[in-house]
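As structure tokens, the structure follows; a few thoughts come after it.
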Amino acid sequence: GSRFQVVEQGPPIEVFQLNRLFTEDSHQNKVNLTVGAYRDEKGKPWVLPVVRKMEKQLAADDTLLHEYLPVLGLEQFTNASVSMLLGADNPAIAAGRAFGVQVLSGTGGLRVGAEFLNKHLKYTTFYYSSPTWENHHLVFVNSGFTTPRQYRYWDEKARAIDFDGLIEDLSNAPENSVILLHACAHNPTGIDPTHEQWEKIADVMEERKLFPFFDSAYQGFASGDLDRDAWAVRYFVKRGFELVCAQSYAKNFGLYNERVGNLAVVVSDASLVAALKSQLTWIVRGMYSNPPAHGARVVATVLGDKQLFDLWRDHIKQMSSRVIQMREALRAELIRLGTPGSWDHIVKQIGLFSYTGLTQRQVEYLVQEYHIYLLKSGRINVCGLNPSNIQYVARAFHDAVTK
Ligand code: PMP
């Protein structure tokens, strides 16, 4: 017998399983609306031209070595990331009370941040939105948080934020609970709080002494504007909160598999920074020792050069505009078909995703009858849509809703 006989098969990860089923499906009209990655108008992955350009430049540079990066990463990268998040002229940066740690994309930032809060501040309770990105729960529990809680976020009937529910749940949270907040383009619902709502969230969190942990996986991707998408984080900093924020470059740079991310940390006084950095160093040291260089070099070079930065901003605009166009096209097509129900939420939602409101049974029907793959929650990746498949998808939705 094997000592490994004790190991039981674990459950599949829904989004990756669906992706595999899609790949294996031989139907000619199959459509993949699952995984949160950008696709162009031909349905193909897109390497950003500015990234290709940088990679060619890096490959030709014989002076570049494969020596280890420092444990906390490339400083040029972490500084540029903090500036992008907070705005280069943010007083917190000038005061030396904001810094970054290079991490393994957004997920790595969540993991390092959560482990740090648990280990050093002894925080054990965290709140995530209902619903949220499916990995939040696991990452925090694996980081040592023992008490997962949810705050109400989505009102299924109104297809809007259950704001009263959210405020009530935060009001009842124990002091020092860590509140996970989506900086913009909430995944999976695509609906963010308004500025007034953010102000009320900050009021409650201040009063209840709760700790904000922002997850910023889509800066620039939501509105096409980097500053607008960072509004909530900047507002909390302006209000005087200490906070952390996991920044991912997977989507806005299309660097999914390079695992490029930054954990931004803002504290109330610059004198605290050295101790925090030293303890974060030990956390990273015991987890993966130090981060990879390639993606961080690409991002740091682009963020640090006015011309390349402008080029990148055009790419973000292009991607976010295509998503917005597809939202409008899908809604228009459903209206044209007379599909029952209101489809306004599709264009009100922002970011990559739409929470369509399709039921689990309708989703199963779409997969079986039409080979259209989407999460059982009804979430679709809008940029899986393109001019060649949008009519097929709209007709399928119509059929699923009316059958
Ligand atoms: N947070 C949210 C809300 C996300 O949607 C994602 C990506 N799906 C991530 C974090 C992390 O992504 P990554 O680790 O690839 O940066």
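A few notes on this one:
- Spatial separation of Cα centroids for region 1-52 and region 308-371, in angstrom: 19 Å
- Average silhouette area of region 185-231, convex hull of alpha-carbon atoms, in square nanometres: 3.5 nm²
- On Cα atoms only, tilt of 390-402 relative to the major axis of the chain in degrees: 70 degrees
- Phi to ³J(HN,Hα) by Karplus 6.51 cos²θ - 1.76 cosθ + 1.60 over region 347-357, Hz, x for Gly, Pro: 8, 7, 6, 10, x, 6, 10, 10, 8, 6, x
- Converting the Cα gyration tensor eigenvalues of region 101-168 into ellipsoid dimensions via √(5λ) gives semi-axes, longest first, of 26, 14, 9 Å.
- Only lysines eight or more places from residue 348 in sequence, or on another chain, were considered; those with a Cα closer than 16 Å are 157.
- Neighbourhood charge, 15 Å Cβ-Cβ cut-off, centred on residue 209 and excluding it, Lys, Arg +1 and Asp, Glu -1: -2
- Neighbour-count order for 189, 132, fewest beta carbons within 10 angstrom listed first: 132, 189
- For region 209-311, taking the reciprocal of the average inverse distance between every pair of different Cα atoms yields a Kirkwood hydrodynamic radius of 15.4 Å.
- Across region 1-44 the C-alpha pair distances fall into 10 Å bins from zero in the proportions 21, 38, 19, 14, 7, 1 percent.
- Taking 137, 186, 195 as the candidate residues, the one with maximal mean-square fluctuation in a Gaussian network model of the chain, Cα springs under 10 Å, is 195.
- Comparing 76, 150, 17 in a Gaussian network model of the chain where C-alpha atoms under 10 Å apart are linked, the largest mean-square fluctuation is found at 17.
- Between helix 195-207 and the chain there is an angle of about 50 degrees, using the helix long axis and the longest principal axis of the Cα atoms.
- Intensity falloff of region 18-93 expressed as log10 I(q)/I(0), Debye formula with alpha-carbon point scatterers, at q = 0.13, 0.16, 0.28 Å⁻¹: -0.78, -0.93, -1.25
- Here region 60-173 is treated as a Stokes sphere of Kirkwood radius computed over C-alpha pairs; at 20 °C and 1.002 mPa s its diffusion coefficient rounds to 126 µm²/s.
- When only the Cβ of Lys, Arg, Asp and Glu is charged (+1, +1, -1, -1), the dipole of region 147-299 relative to its Cα centre reaches about 680 debye.
- Bridge type composition, the chain - antiparallel percent by DSSP, nearest 5: 50 percent
- Interchain or long-range residues, amide H under 5 Å from residue 126's placed H: 147, 149, 178
- Point-charge dipole on Cβ atoms (K/R +1, D/E -1) for the chain, about Cα centre, debye to 20: 520 debye
- When region 343-403 is reduced to its Cα atoms, the Kirkwood hydrodynamic radius in Å: 11.7 Å
- Mean-square fluctuations from a GNM of the chain, with a 10 angstrom spring cutoff on Cα atoms, peak among 296, 264, 274 at 274.
- A viscosity of 1.306 mPa s and a temperature of 10 °C, combined with the Kirkwood radius over Cα pairs in Stokes-Einstein, give a translational diffusion coefficient for region 294-365 of 106 µm²/s.
- Computed over the Cα atoms of the chain, pair by distinct pair, the Kirkwood hydrodynamic radius stands at 22.2 angstrom.
- Positive-end residue, the chain charge dipole about Cα centroid, Cβ charges, pick of 172, 298, 351: 298
- Point-charge dipole on Cβ atoms (K/R +1, D/E -1) for region 283-403, about Cα centre, debye to 20: 220 debye
Quick note: the coordinates plus some simple rules give every number you see, no bench work behind them. Small disclaimer: the values here were computed from a predicted structure and weren't measured. A quick note on method: Cβ atoms are made from the backbone with ideal geometry, for glycine too, and the neighbour counts reach across all protein chains shown.
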